[in-house]
Amino acid sequence: DKAPLSVLGLGAMGTALARAWEAAGHPVTVWNRTPARAEGFSTAAGSAAEAVAASRLVVVCLLDDASVGEALADTDLTGKDLVDLTTGTPDQARERAEWARARGARFLDGGIMAIPPMIGVPESGGYVFYSGSRELFDEHRETLAVPAGTNYVGTDAGYAALHDVALLSAMYGMFAGVSHAFALVRKENIDPEAFAPLLSGWLGAMLPFVQRTAEQLASGDYTTGVVSNLAMQAAGNATMLRTAEEQGVSPELLTPYLDLMARHVADGHGDEDGTGMIDALRK
Ligand code: NDP
């Protein structure tokens, strides 16, 4: 028999999660602040307290950490296994873990690396970072693996959020670069459809840099195996900026990275790989 669980929050993500568990045969009790969203589910609780009381495993997926505090305020969490799939910061997760412990619950935080259409679709590659109670994770591992893959990253409740936000931050850096690149060619007679595979191919070719960065951070030596050191790269910055100007494109997405590079080179780190900029970035 499949383990029963309660899902609090039926936004786009909560609905996808609850449907995936229902489809896999788990008895699911749902609750949503606005009751209309619970229509179509077989078991809807009339209050958050009822939903929490219905199952030992309680999954919350609400807008933000504040809404989790609000929604669970009048619930009895004694003996519950609380899994928080609401996006938040590492410190918010740590504080929420303390808060749950003080109320007698085990706590696991999750960072969802998927969008709703990827939930319940194993081949989509979507997964969830988990951190916090290892016992909770091990005990409910099969259930947790139903909507998406699982990746437990540590007993520190903040680690799931930290991994989640780190990956999202890198993604935004990439999106910024993609936006700038398309903006550069936009006004020309260059077909975006022809340009796209060139851009994605180039980004793919640069990906091994991620692994080399890790190796350089581990060794502490940022100068071995460098093919394009920062001094060489910084010399090209003027070309990047002038091209943006020639094409009538704002450099605002590019300049923060180029400024940091110039500063790090000026500080005497021109022989380093881009890895050196990580140290320059840490306040
Ligand atoms: P939605 O905006 O679709 O839904 C938000 C949910 O939070 C609704 O159920 C809403 O209830 C509820 N809510 C908001 N405030 C309160 C409150 N004070 N008390 C009780 N309930 C409240 O968001 P998603 O479902 O898309 O996202 C949920 C979480 O999942 C977020 O933390 C998001 O970052 C994360 N996530 C979402 C992804 C996505 O692509 N959608 C991807 C990865 C993570 P009501 O219906 O009553 O307004």
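When restricted to residues that are over 24 Å from the mean Cα position of the chain (by Cα) and at negative phi, the range 6-58 contains 32.
Pairs meeting the criteria (first residue in the range 92-107 and closer than 14 Å to L72 by Cα, second residue part of a helix (DSSP H, G or I) and among the small types (G, A, S), beta carbons under 9 Å, at least 6 apart or on different chains) are R96/G69; W99/G69; F107/A93; F107/A97; F107/A100. Where helices (runs of 4 or more DSSP H) fall wholly inside the range 155-269, the ranges with 2 or more residues that are over 30 Å from D84 (Cα atoms), at pLDDT below 95 and under 23 Å from the mean Cα position of the chain (by Cα) are 208-219. Screening D81, D74 for residues that are within 16 Å of the ligand (Cβ to nearest atom) and among the acidic types (D, E) leaves exactly one candidate, D74.
Can you confirm whether E22 is of a type in the set (D, E) and within 17 Å of I119 (Cα to Cα)? Yes; evaluated as a whole, the condition is true for this residue.
Please go through the range 1-47 and pick out each residue that is near the ligand (Cβ under 9 Å from one of its atoms) and among the basic types (K, R). Those that are near the ligand (Cβ under 9 Å from one of its atoms) and among the basic types (K, R): R33, R37.
For the range 30-41, the criterion of being touching a helix residue (DSSP H, G or I) at 6+ places or on another chain (Cβ under 6 Å) and under 19 Å from A160 (Cβ atoms) is met by none of the residues.
When A170, A161, A166 are screened for being surrounded by 20 or more Cβ atoms within 10 Å (Cβ to Cβ) and within 16 Å of the ligand (Cβ to nearest atom), only A161 passes.
Once the range 117-154 is narrowed to residues that are farther than 15 Å from M13 by Cβ, of a type in the set (S, T, N, Q) and not in a strand (DSSP E or B), the residue that is farthest from the ligand (Cβ to nearest atom) is S133.
Checking A176 against (1) touching a helix residue (DSSP H, G or I) at 6+ places or on another chain (Cβ under 7 Å); (2) within 30 Å of A244 (Cβ to Cβ), which test does it fail? The failed condition is (1).
The values are calculated or read from the model by the stated rules, or taken from the named source; none is laboratory data. None of these values were measured; they are calculated from a predicted model. Please note: Cβ atoms are built from the backbone with ideal geometry, for glycine as well, and neighbour counts cover all protein chains shown.
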